[in-house]
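Here is the structure we will look at.
The values are calculated or read from the model by the stated rules, or taken from the named source; none is laboratory data. All values reported here derive from a predicted model rather than from experimental measurement. As a convention, Cβ positions derive from the backbone with ideal geometry for all residues, glycine included, and neighbour counts pool all protein chains shown.
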């Protein structure tokens, strides 16, 4: 089971990312929607803890970071407090950042290209998009109006905040920026939002370039070693 920890995280990421637009489209009760998204998010966080459980130290650090955020997420279902939600986002950003670092270490320290290596690389890319979505949400809390929707007649206040059915907007903007598609239907207008969007776009391109170079180099090295072993 432990060797499939990246598979589990990849499935959890896919389920969460699919659940967000579905709850946005078919939401009838805000309270029910919040609860459903909270359950999927907690499942994702627990899967991430399992994914980084390669040593006792990484598990302890991951649990210390994720436990308060899980408590705050369910607490916010009852309190509906923006302060609690902002603190929850901060803790989840720290946790996801830690998970990304652990997965990157696994990918770039691997000696052979394996199923686990590919899954870890895919999980890292998806987690980066989710992490940046929460960063944009935090920016919108600190500086309301940092993002605008030019294709709408009126600006959607608080739409970039990672909560309830509105979570679809920061996730959408994050992945559009990460992949440098830049549709322009959501526009960063504050200086901090613009700089963060630039950083994410650069990170997305650099990650793919470095990752492909690393995987190709590992594959070539692996074939050369196998050929040498067969000839000896």
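Consider residue 75 carefully, then state whether it is part of a helix (DSSP H, G or I), free of Cβ contacts under 8 Å to residues at least 12 places away in the same chain and either surrounded by fewer than 19 Cβ atoms within 10 Å (Cβ to Cβ) or touching a helix residue (DSSP H, G or I) at 6+ places or on another chain (Cβ under 7 Å) (or both).
Working: part of a helix (DSSP H, G or I): yes; free of Cβ contacts under 8 Å to residues at least 12 places away in the same chain: yes; either surrounded by fewer than 19 Cβ atoms within 10 Å (Cβ to Cβ) or touching a helix residue (DSSP H, G or I) at 6+ places or on another chain (Cβ under 7 Å) (or both): yes.
The answer is yes for residue 75.
Tally up the residues in region 88-117 that are crowded, with 16+ Cβ neighbours inside 10 Å and more than 15 Å from the chain's Cα centre (by Cα), please.
Qualifying residue count for the region: 6.
Where residues in region 101-110 are farther than 11 Å from residue 51 by Cβ and in contact with a helix residue (DSSP H, G or I) (Cβ under 7 Å, 6 or more places away or on another chain), which of them is modelled with the highest pLDDT? Give the derivation first.
Restricting attention to region 101-110, the residues satisfying the condition of being farther than 11 Å from residue 51 by Cβ are 101, 104-105, 107-110.
Okay, now just the ones that are also in contact with a helix residue (DSSP H, G or I) (Cβ under 7 Å, 6 or more places away or on another chain), so 104, 107-108, 110.
Working: 104: 91, 107: 87, 108: 85, 110: 80.
It comes out as 104.
Let me spell it out: the conditions are (1) crowded, with 20+ Cβ neighbours inside 10 Å; (2) modelled with pLDDT under 90, and residue 54 meets all of them except one. Which number is the exception?
(1)
Just one of the numbered conditions (1) farther than 27 Å from residue 143 by Cβ; (2) surrounded by fewer than 19 Cβ atoms within 10 Å (Cβ to Cβ); (3) within 14 Å of the chain's Cα centre (by Cα) is not true of residue 48; which one?
The single condition residue 48 does not satisfy is (2).
Looking at (1) farther than 30 Å from residue 220 by Cα; (2) free of Cβ contacts under 8 Å to residues at least 60 places away in the same chain, which is the one condition that is false for residue 104?
Tallying (1) farther than 30 Å from residue 220 by Cα; (2) free of Cβ contacts under 8 Å to residues at least 60 places away in the same chain, residue 104 fails exactly one: (1).
Would you mind finding the one in 10, 44, 22 that is at negative phi, part of a helix (DSSP H, G or I) and at pLDDT below 90? It would help to see each step written out before you state the result.
On the way: 10 fails: at pLDDT below 90; 44 fails: at pLDDT below 90.
That would be 22, the only listed residue that is at negative phi, part of a helix (DSSP H, G or I) and at pLDDT below 90.
Scan region 178-196 for residues that are touching a strand residue (DSSP E or B) at 6+ places or on another chain (Cβ under 9 Å), touching a residue at least 40 places away in the same chain (Cβ under 8 Å) and surrounded by 14 or more Cβ atoms within 10 Å (Cβ to Cβ) and report the count. Spell out the reasoning first.
Here is the first cut: in region 178-196, the ones touching a strand residue (DSSP E or B) at 6+ places or on another chain (Cβ under 9 Å) are 186-190, 193-196.
Applying the additional criterion that residues be touching a residue at least 40 places away in the same chain (Cβ under 8 Å) yields 187-190, 193, 196.
The next check asks that each one be surrounded by 14 or more Cβ atoms within 10 Å (Cβ to Cβ); those that pass are 187-188, 190, 193, 196.
So the count comes out to 5.
What about residue 90, is it touching a residue at least 40 places away in the same chain (Cβ under 8 Å), within 17 Å of residue 203 (Cβ to Cβ) and part of a helix (DSSP H, G or I)? Reasoning before the result, please.
Numbers: touching a residue at least 40 places away in the same chain (Cβ under 8 Å): yes; within 17 Å of residue 203 (Cβ to Cβ): no; part of a helix (DSSP H, G or I): yes.
The answer is no for residue 90.
So for region 119-130 (the condition being free of Cβ contacts under 8 Å to residues at least 40 places away in the same chain and either buried (at least 19 other Cβ atoms within 10 Å of the Cβ) or over 22 Å from residue 172 (Cα atoms) (or both)), does at least one residue qualify? I'd like the intermediate steps shown before the answer.
Kept after step one, since they are free of Cβ contacts under 8 Å to residues at least 40 places away in the same chain, are these residues of region 119-130: none.
No, every residue in region 119-130 fails to be free of Cβ contacts under 8 Å to residues at least 40 places away in the same chain and either buried (at least 19 other Cβ atoms within 10 Å of the Cβ) or over 22 Å from residue 172 (Cα atoms) (or both).
Could you go through region 117-138 and let me know if any residue there is under 22 Å from residue 200 (Cβ atoms) and touching a strand residue (DSSP E or B) at 6+ places or on another chain (Cβ under 8 Å).
First, pick out the residues of region 117-138 that are under 22 Å from residue 200 (Cβ atoms): 120-138.
Next, only the ones that are touching a strand residue (DSSP E or B) at 6+ places or on another chain (Cβ under 8 Å) stay: 136.
Yes, region 117-138 has at least one match.
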